[in-house]
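Report on one structure; see the data block that follows.
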Amino acid sequence: MSFAQILQSLVAGLGYTVLVTLLCAATALVVALAIIAARRLGGKAAGNALDALVYVLRGIPVLVLLFMVFFGLPALGLDIPPLAAMMLSLGAVSGAYLSEIFRGSLQAVSQAEILAAQASGFTPFQSFRLIELPQMIRLSVPGMVNELTSVMKYSPFAYTVGIPEITKQAMALTSTTMQSLQIYTAVGLLYFGLYRAILLAVAYVERHFAIPGFAEE
Amino acid sequence: MALLEVRNLVKTFGTKTVLDGVTFDLEEGQTKVIMGPSGCGKSTLLRCLNRLEEPTSGSVRFDGKEMTAPTADVRALRQLIGFVFQNFALYRHLTVLDNVTLALRQLKKMPAALAEERALHELARMDMAEKRDAYPASLSGGQSQRVAIARALAMEPRVLFFDEPTSALDPVMAREVVTLINRLYLENVTILCVTHDLYLAQYISDSIIFLDQGKVRAEDKAENLLSGHADPVIASFFGRKS
Ligand SMILES: Nc1ncnc2c1ncn2[C@@H]1O[C@H](COP(=O)(O)OP(=O)(O)OP(=O)(O)O)[C@@H](O)[C@H]1O
Ligand SMILES: [Mg+2]
């Protein structure tokens, strides 16, 4: 097989890699936003419960959690489809990490602005949504990029639950062609290309939402 | 009936009494300046009046309604009080225009076009209309404070609270801001202003409340307080400053 042919047969898997990465990243974002909103707006008890949840999620290997969800939950009568299992494991763990990034950024939002919002009659939720959240997200961009790439790099776990993403395709290919070196080089190139694509996309979005002088102090 | 009637207001933090029975009135259209040594409770007083801090005891009546009552609608009260801070506190992710329209759109539910019109009117009043699309980071301190005042005025508050509006500004910018606050004073905007700035105090006050150790030590016209007051504490406070 020529290198071009190898790349071509791997591209089918690329779609799944992208799908897994995006779905897990989206899950992470939803989980992290829910955690940070509950932290900001909930009471002390909610905060402690979330601390515990985040602590646990960050402590479990993604693969173990994935197996718990995919192979364990059916024992309780809950059948989880492969993609959903990825979202509930990789997505949730990444969400826990992302919520910590958000927490740091939220602390960097000026107390004076929050006080001004409160003084003009905004509810805590309005203050969070209109003042704190937009600033928090912008301050979190570097951390979010890291987290997104890390999700991409964990996406090969998807093959263990039967999703035919790049790594899975590569394994199938090596077993029939024995051209391991070329094949895994091609895999590496595809992941690197994906990584570059993520950076480009983020740079584009960032430029679009850039605010002159924001976060430059 | 005065717009704002403060009676025996007490605020303690733990064992520390910061406000110790403050009593005064503010009439509609009147401007009062609060002065006093650093740490005497001026900021705490303003913050208790719109319940950013919970008063420990005493009464605050705003437009006849008791504002320390548990049933009082605190957020409705806050919308009637425009608050301008020493550090401007502009929302840094929003343009000048959006800073001014945000509360109009979100709290008053004003349609965007109407909110913009109101905002531009107030920005023009503060000579800041041409900066409508600028972000706070690009503004000087004086410009920021003018936007903050426009933001407060846009809500058509019954009273404006200022907490040291000029003390973060260099003298030239401070003068600019004093001139604009003086313009509001001449238009009979009701103002309660905490300041250390004698220049500001003289130019805008109908009377000055002198606060000392959480108590109103004197309330009088600026000219009576500023030179050779019989009370040695007051005399030395202003003696040191002028
Ligand atoms: N949240 C708080 N907890 C405990 N003590 C506080 C709190 N807020 C204010 N104080 C104390 O109350 C006193 C009065 O503070 P305040 O800020 O009202 O003074 P001020 O007159 O505005 O002073 P300055 O002129 O320096 O602004 C100070 O001693 C301050 O340390
Ligand atoms: Mg103060």
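The values are calculated or read from the model by the stated rules, or taken from the named source; none is laboratory data. The structure presented is a predicted model; accordingly, all values stated were derived computationally and were not measured. Reconstructed Cβ throughout: ideal geometry from the backbone, glycine too, with neighbour counts over all protein chains shown. What goes into the accessible areas is simple: the full protein's heavy atoms, side chains included, and nothing from ligands, DNA or RNA. Shrake-Rupley method; radii C 1.70, N 1.55, O 1.52, S 1.80 Å.
For the stretch B:49-60, give me each residue that is part of a strand (DSSP E or B) and under 17 Å from the mean Cα position of the chain (by Cα).
Across the stretch B:49-60, the qualifying residue is only B:60.
Return the pair list, or none, for Cβ contacts closer than 6 Å from residues in the stretch B:155-180 that are under 25 Å from residue B:28 (Cα atoms) and within 14 Å of chain A (Cβ to nearest Cβ) to residues that are within 16 Å of ligand 2 (Cβ to nearest atom) and small (Gly, Ala, Ser), at least 6 apart or on different chains.
B:163/B:43
Any residue in the stretch B:31-51 that is within 14 Å of chain A (Cβ to nearest Cβ) sitting within a Cβ distance under 8 Å of a residue that is near ligand 1 (Cβ under 6 Å from one of its atoms) and in a strand (DSSP E or B)? List the pairs, counting only those 6 or more apart or interchain.
B:44/B:18
With small (Gly, Ala, Ser), closer than 17 Å to residue A:28 by Cβ and surrounded by fewer than 16 Cβ atoms within 10 Å (Cβ to Cβ) as the only criterion, which of A:201, A:210 stands out?
A:201
Can you name the residue in the stretch B:45-80 that is out of contact with any Asp or Glu (no Cβ under 6 Å at 6 or more places or on another chain) and within 16 Å of ligand 2 (Cβ to nearest atom) and is also nearest to residue B:207 (Cα to Cα) among such residues?
B:45
Considering only the stretch B:177-208, state which residues are surrounded by fewer than 21 Cβ atoms within 10 Å (Cβ to Cβ) and over 25 Å from residue B:23 (Cβ atoms).
Of everything in the stretch B:177-208, those that are surrounded by fewer than 21 Cβ atoms within 10 Å (Cβ to Cβ) and over 25 Å from residue B:23 (Cβ atoms) turn out to be B:179, B:180, B:182, B:183, B:184, B:186, B:187, B:199, B:203.
Could you identify the single residue in B:139, B:211 that is open to solvent by less than 30 Å² (accessible area, probe 1.4 Å), within 14 Å of another protein chain (Cβ to nearest Cβ) and at pLDDT 95 or above?
B:139
When the residues of the stretch B:1-17 are filtered to those that are within 16 Å of ligand 1 (Cβ to nearest atom) and in a strand (DSSP E or B), which remaining residue is nearest to residue B:44 (Cα to Cα)? Reasoning before the result, please.
Filtering the stretch B:1-17 for residues within 16 Å of ligand 1 (Cβ to nearest atom) gives B:6, B:9-17.
Subset that is in a strand (DSSP E or B): B:6, B:9-13, B:16-17.
On the way: B:6: 14, B:9: 11, B:10: 10, B:11: 8, B:12: 10, B:13: 10, B:16: 13, B:17: 11 Å.
The qualifying residue nearest to residue B:44 (Cα to Cα) is B:11.
Return a yes/no flag: does the stretch B:24-34 have any residue that is within 16 Å of ligand 1 (Cβ to nearest atom), closer than 25 Å to residue B:197 by Cβ and open to solvent by 30 Å² or more (accessible area, probe 1.4 Å).
Checking the stretch B:24-34: not a single residue is within 16 Å of ligand 1 (Cβ to nearest atom), closer than 25 Å to residue B:197 by Cβ and open to solvent by 30 Å² or more (accessible area, probe 1.4 Å).
Quick one: in the stretch B:149-159, which of the residues that are outside any loop (DSSP other than H, G, I, E, B) and open to solvent by less than 20 Å² (accessible area, probe 1.4 Å) is farthest from ligand 2 (Cβ to nearest atom)? Even if it seems obvious, please write down each step before you answer.
First pass over the stretch B:149-159, keeping only residues outside any loop (DSSP other than H, G, I, E, B): B:149-154, B:159.
With the extra rule that they be open to solvent by less than 20 Å² (accessible area, probe 1.4 Å), the set shrinks to B:149-150, B:152-154, B:159.
Values: B:149: 18, B:150: 23, B:152: 18, B:153: 22, B:154: 25, B:159: 18 Å.
Here the answer is B:154.
Which of the residues spanning the stretch B:188-234 are acidic (Asp, Glu) and over 18 Å from the mean Cα position of the chain (by Cα)?
The answer is B:212, B:220, B:223, B:231.
Would you please name the residue that is least open to solvent (accessible area, probe 1.4 Å), looking only at residues in the stretch A:82-140 that are closer than 30 Å to residue A:16 by Cβ and within 14 Å of chain B (Cβ to nearest Cβ)? Write out each step before concluding.
First, the residues of the stretch A:82-140 that are closer than 30 Å to residue A:16 by Cβ: A:82-102, A:137, A:140.
Keeping just the survivors that are within 14 Å of chain B (Cβ to nearest Cβ) gives A:137, A:140.
Details: A:137: 53, A:140: 1 Å².
Here the answer is A:140.
Looking at residue B:20, is it within 15 Å of ligand 1 (Cβ to nearest atom), assigned to a strand (DSSP E or B) and either away from chain A (no Cβ under 14 Å) or surrounded by fewer than 23 Cβ atoms within 10 Å (Cβ to Cβ) (or both)?
Yes, satisfied.
Look at residue A:198 and say whether it is assigned to a loop (DSSP other than H, G, I, E, B), at pLDDT 90 or above and over 21 Å from residue B:103 (Cβ atoms). Quick ask: steps written out before the conclusion?
On the way: assigned to a loop (DSSP other than H, G, I, E, B): no; at pLDDT 90 or above: yes; over 21 Å from residue B:103 (Cβ atoms): yes.
Answer is no for this residue.
For the stretch B:220-242: of the residues being among the charged types (D, E, K, R) and either within 16 Å of ligand 1 (Cβ to nearest atom) or more than 29 Å from residue B:58 (Cα to Cα) (or both), which is modelled with the highest pLDDT?
Selected residue: B:223.
Where the second residue is among the β-branched types (Val, Ile, Thr) and open to solvent by less than 40 Å² (accessible area, probe 1.4 Å) and the first is within 10 Å of another protein chain (Cβ to nearest Cβ) and lies in the stretch B:95-110, which pairs have Cβ atoms under 8 Å and are six or more apart or on separate chains?
Qualifying pairs under 8 Å: B:99/B:147.
Take the residues in the stretch B:78-89 that are part of a loop (DSSP other than H, G, I, E, B) and within 7 Å of chain A (Cβ to nearest Cβ); name whichever of them is most open to solvent (accessible area, probe 1.4 Å).
Step by step, filter the stretch B:78-89, then rank; the result is B:87.
Identify, by number, the condition in (1) within 13 Å of the chain's Cα centre (by Cα); (2) without any contact (Cβ under 8 Å) to a residue 60 or more places away in the chain; (3) under 21 Å from residue B:181 (Cα atoms) that residue B:25 doesn't meet.
(1)
Would you point out which residue out of B:75, B:92, B:105 is open to solvent by 60 Å² or more (accessible area, probe 1.4 Å) and assigned to a loop (DSSP other than H, G, I, E, B)?
On the way: B:75 fails: assigned to a loop (DSSP other than H, G, I, E, B); B:105 fails: assigned to a loop (DSSP other than H, G, I, E, B).
Unique residue meeting the criteria: B:92.
Sort out which residues of the stretch A:173-196 are under 12 Å from residue A:5 (Cβ atoms) and exposed (fewer than 15 other Cβ atoms within 10 Å of the Cβ), and write them in order of number.
If the condition is that a residue be under 12 Å from residue A:5 (Cβ atoms) and exposed (fewer than 15 other Cβ atoms within 10 Å of the Cβ), then A:177 is the only one that fits.
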